[in-house]
Each structure stands twice: as C-alpha cells, then as structure tokens.
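Each remark here refers to the structure printed beneath this line.
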C-alpha cells in the first residue's frame, strides 16, 4: 500500500473546496487550495459533459489549484472520483511566487473525448455547481467504492 503523501494539481471541479473536501474526505478550505499554473496545456470541455480535461497546447497556461499533503485514503478516493477516463500523471506546475513543484494531475486518458470548447470554472459554478453537489452527495452516500477501493495510484 502506498503510504506517501502527495501533491495534486486540480483544474476543474476539484478547485471547489466543498467538492474537494467531500471527494477526498479531508478538511479542505479555499485557503488550502493554493493557486498554481500549468504551462503548455489548455482546459476544454469533455464531450457531452459539463466537466473539463486538459489537452496539450504549447504556449498556453491553465490556472488551477494545488492540494498538498494528500494521504493514501484521499488518493484512493480521488482516483475513484476521476474514474478510468482520466489518467494520473506527474506535471510540473508553478505555485505562488513562481515556486516550481511536481504534482499529480488527472489528464485525459485514451477513453476520453475532448472537445475544442473552452471550459470556465466560474461559469461552471454559476450553472452547474449546486446540482452537481447534490448528485455528488448522493453518489458518495450510495457507493461503497470510496471505502473499499484498491490502491490505484503508485
């Protein structure tokens, strides 16, 4: 079992502290989700969905959030939440003050179909956050995967 505490870079729904806390089971506040950027990618909408993915795009920059000190249980929960359409990969990000760090991020896997449409976090919050939170709470309450997951991040 992986016992290492890791840093994650989020660029989509997990930038929301309430969503991140529910998914990870950690005490996550907006202050704990630190601003960070990822160069040479852009954020786009996933086909037929309201959530995003990243695609390589030289010269572009994605604004996201870093969450540090993520333990094994939260790592498992994140992997379940992201599902098999995303792949956890190491990326080099820049944090506050230009500090560079390596972080795990969930990027498009081979099963994912990205669009060319940009995805905007603030717009998503206005239009989709509330029903998403209600659905997320129902999913967490009804699934036993969160508590019984195998260690999928190595």
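Would you mind ranking 89, 42 by Cβ crowding within 10 Å, fewest neighbours first?
The fewest-first ordering by Cβ neighbours comes to 89, 42.
So, R0 is 30 Å and r is the distance between the beta-carbons of residue 39 and residue 141; what FRET efficiency does that work out to, to 0.05?
According to the calculation, E is roughly 0.20.
Residue 57 versus residue 85, label points 7 Å from Cα toward the beta carbon: distance in nm?
Inter-label distance under the simple model: 1.8 nm.
From the alpha carbon gyration tensor of the stretch 6-140, can you work out the equivalent ellipsoid semi-axes (sqrt of 5 times each eigenvalue) and give them in Å, largest to smallest?
Largest first, the stretch 6-140 gives 20, 19, 15 Å.
Quick one: if the Förster radius is 25 Å, what FRET efficiency do residue 111 and residue 29 give, using the C-beta to C-beta distance and rounding to 0.05?
0.15
Given a cut-off of under 8 Å on Cα pairs at least six residues apart, what relative contact order in percent is computed for the stretch 6-140?
Answer for the stretch 6-140 is 30 percent.
Can you show me the helix-derived [θ] at 222 nm for the chain, built from DSSP H runs with n ≥ 4 at -39,500 (n - 2.57) apiece and divided by the number of residues, rounded to the nearest 500.
Using -39500 (n - 2.57) per qualifying helix, the result is -9000 deg cm²/dmol.
Highest first, please rank the peptides 16-25, 98-107 by the mean number of other Cβ atoms sitting within 10 Å of their residues.
In decreasing order of mean packing, 16-25, 98-107 become 16-25, 98-107.
Bear in mind that the values in this text are calculations on the coordinates, not laboratory data. It should be emphasised that the depicted structure is a prediction, and the values quoted were computed from it without experimental measurement. FYI the Cβ positions are ideal-geometry reconstructions off the backbone, even for glycines, and counts take in every protein chain you see.
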